[in-house]
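Peer 1: Sending over a structure as structure tokens; questions will come in a sec.
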Amino acid sequence: MKNFKCLLVHTPRLHNNDGVITSDVNYCAMGLFSLAGELNKNGFSSKIINLGIEKYLNKNFLLSSYVKENDIKLLAFSLHWNHNFFDVIKTAKYVKEKCPDVFITLGGYTASFYAQEIMNEFSFVDAIIRGEGEYSIVEIAKALFKNTSFDNIPNLFYRKNLEIILNKNLFVATSDDLNKFEFFNPQNMVHYDEYTKIPYVLKYNLDNQLVSASTTQGVCLGRGCFGNCIWCGGGHYAERKISGRDFISYRKIESVVSELKEMKNKYNIENFRFSFDPNPKDRNYLIELFDALYDEFKGNLSVLYNLDGLPDDKFLSAYKKAVSKNSILYMSPVSYNEIIRRKYKSFYYSNDELESVLSKMDNLEISSEIYFYDIPELDDNENLKSQEYALFLKNKYKFVKDAYMYSLEIVPASILFENPEKYKLKNVPASFWDYYNRNDAVVKSFEY
Ligand code: B12
């Protein structure tokens, strides 16, 4: 089976501004590591490749040549974020033209949401794994290797006698499953060292771009969320649609700590991103995690943590002890307007509650960044008040290191996406073509 080679591909989004090529969406979905890990565990030689890194290191790099030279049999494109829809599809198309025998599957949130449409429109896509992919990708590799059928492979859309079939059975990872998966193994990625230093925007015409100090990998603590913030494509309702997930799974704390230890000590990764706050009413798991991180790193761990709810006293004291001073808690009250906040955000708090926490954080010297959104249903004046409130918080609280506005992205599967008129949204993508066409990339994307 070692000769049956698989490749998991991350395709950033390319931009071409008057001949100056840059890319964003440079980070791989963290699940690519557990997918590669499961394939390798089952005897299928597998790697992850980031096309941005390869192209940056060698401008003549072509995925189709790599596939031929390495005799890749199963090519799995990550279409997790909607932003790189065009680049993924274009690249897959060209590779299939040059390597007709390679089996192409797609996976990730966006591919899952639009699986039927993608299968209908793009015949070079052989299959789509909907939702969580670890079990299914191994079963696909086994079926291709043994030349058996895809019937009963969970989460799978595939082609059979010109028909598109979606198997009925479902795989959603439990905590036990997550504990069996491997979330970090640099051996499983081509040019891992370079990837750890990839910047948020990569400029292909400039030297010395691979110098970012942040980790490229979000650290997986678990999966799922009880919240339904209306802009989020990964909340409870959205996840139910995308992957059938209806519960929360947590990773074992020892595994997370030993992973961080290896990343930090062996691979010199300096900052760690966490973005998991599925149930602010019960943060026992996170408190236990911080206690264990303190035992291991004695407060010498730089963390960027996106919290969905307000931190409480227990959280703040465990966090304060565990992380280094330059760590940052990111929080979004959405709008200065509490009525809008209640409507948009699941884990509501008032402005008074927010400010009381910020003043505690000042006393504890915990840094934060606070972000608000431009809300389409509010007039400019109301949105301006969020901007003013952001500035007010930044000036009033010493440890609010930054406070700013974001524009609201409409992502597939979110409540906003499903009910645009209710929220007075204009120009909401009506079909996947609208996402696909929202790019200014080079025509052939990564196969140019
Ligand atoms: C953690 C997180 C981050 C982290 C880390 C991301 C990472 N490396 O994975 C950071 C902070 C870096 C991040 C950044 C962004 N994020 Co984010 N992020 C999340 C968050 C909170 C959790 C991600 C997660 O746990 N996913 C769940 C698990 C199941 O996914 P996974 O383990 O990676 O992959 C599994 C499956 O998805 C599938 N799969 C994934 N890829 C593939 C590929 C193949 C071939 C197969 C077979 C299967 C497969 O199988 C995997 C294993 O089971 C979600 C919200 C949420 N609650 O889901 C948003 C979310 C995914 N992010 C989102 C967005 C928009 C972004 C940004 C584009 C924001 C921006 N404008 O900059 C950037 C993109 C960064 C980049 N690519 O360079 C959106 C995506 C919506 C969409 N459909 O496009 C979400 C849903 C939030 C939202 N706003 O709605 N994010």
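Peer 1: For region 38-55, which positions are among the small types (Gly, Ala, Ser) and surrounded by fewer than 22 Cβ atoms within 10 Å (Cβ to Cβ)?
Peer 2: The answer is GLY43, SER45.
Peer 1: Return the residues of region 230-254 that are in a loop (DSSP other than H, G, I, E, B) and either closer than 27 Å to ILE128 by Cα or in contact with a strand residue (DSSP E or B) (Cβ under 7 Å, 6 or more places away or on another chain) (or both); say none if nothing qualifies.
Peer 2: Hits for region 230-254 are ILE230, TRP231, CYS232, GLY233, GLY234, GLY235, GLY244, ARG245, ASP246, PHE247, ILE248, ARG251.
Peer 1: In addition: In this structure, does LEU289 turn out to be assigned to a strand (DSSP E or B), within 26 Å of the chain's Cα centre (by Cα), in contact (Cβ under 8 Å) with a residue 40 or more places away in the chain and farther than 27 Å from LYS422 by Cα?
Peer 2: Here the answer is no, as LEU289 does not meet what is asked.
Peer 1: State the number of residues belonging to region 191-231 that are among the β-branched types (Val, Ile, Thr) and over 19 Å from the mean Cα position of the chain (by Cα).
Peer 2: 1
Peer 1: Here's a follow-up. Do we have ILE129 as under 24 Å from the mean Cα position of the chain (by Cα), closer than 30 Å to TYR267 by Cα and within 12 Å of the ligand (Cβ to nearest atom) here?
Peer 2: no
Peer 1: Moving on to the next point. Out of everything in region 61-109 that is of a type in the set (S, T, N, Q) and over 17 Å from SER23 (Cβ atoms), what residue ends up being farthest from the ligand (Cβ to nearest atom)?
Peer 2: Ranking the candidates gives SER65 first.
Peer 1: Any residue at all in region 182-197 that's more than 24 Å from SER46 (Cβ to Cβ) and either crowded, with 17+ Cβ neighbours inside 10 Å or more than 9 Å from the ligand (Cβ to nearest atom) (or both)?
Peer 2: No: zero hits.
Peer 1: Considering only region 110-126, state which residues are within 15 Å of the ligand (Cβ to nearest atom) and assigned to a helix (DSSP H, G or I).
Peer 2: Selection gives THR110, ALA111, SER112, PHE113, ALA115, GLU117, ILE118, MET119.
Peer 1: Where the second residue is near the ligand (Cβ under 9 Å from one of its atoms) and among the hydroxyl-bearing types (Ser, Thr, Tyr) and the first is farther than 18 Å from TYR436 by Cα and lies in region 13-27, which pairs have Cβ atoms under 9 Å and are six or more apart or on separate chains?
Peer 2: Hits for this filter: TYR27/TYR200; TYR27/THR216.
Peer 1: Scan region 1-21 residue by residue and report those that are away from the ligand (no atom under 13 Å from the Cβ) and among the polar types (S, T, N, Q).
Peer 2: ASN3, ASN16, ASN17
Peer 1: Can you find, within region 235-248, the residue that is nearest to the ligand (Cβ to nearest atom) among those that are surrounded by fewer than 20 Cβ atoms within 10 Å (Cβ to Cβ) and within 27 Å of LEU260 (Cβ to Cβ)?
Peer 2: Looking at residues that are surrounded by fewer than 20 Cβ atoms within 10 Å (Cβ to Cβ) and within 27 Å of LEU260 (Cβ to Cβ), I get ILE248.
Peer 1: When region 22-55 is examined, which residues are found to be in a loop (DSSP other than H, G, I, E, B) and within 14 Å of the ligand (Cβ to nearest atom)?
Peer 2: Result: VAL25, ASN26, TYR27, CYS28, ALA29, MET30, PHE44.
Peer 1: Something else now. On the basis of being closer than 22 Å to ILE366 by Cα and either touching a strand residue (DSSP E or B) at 6+ places or on another chain (Cβ under 9 Å) or not assigned by TED's automatic domain parsing to the domain that holds SER212 (or both), does PHE290 make the cut?
Peer 2: Answer is no for this residue.
Peer 1: Still on this structure, I have one more. Does THR105 qualify as being part of a helix (DSSP H, G or I), of a type in the set (Ser, Thr, Tyr), crowded, with 21+ Cβ neighbours inside 10 Å and not assigned by TED's automatic domain parsing to the domain that holds GLU409?
Peer 2: When the stated conditions are applied, THR105 does not pass them.
The values are calculated or read from the model by the stated rules, or taken from the named source; none is laboratory data. These numbers were taken from a predicted model, which means no experiment stands behind them. With ideal geometry, Cβ positions are generated from the backbone for all residues, glycine too; neighbour counts draw on all protein chains shown.
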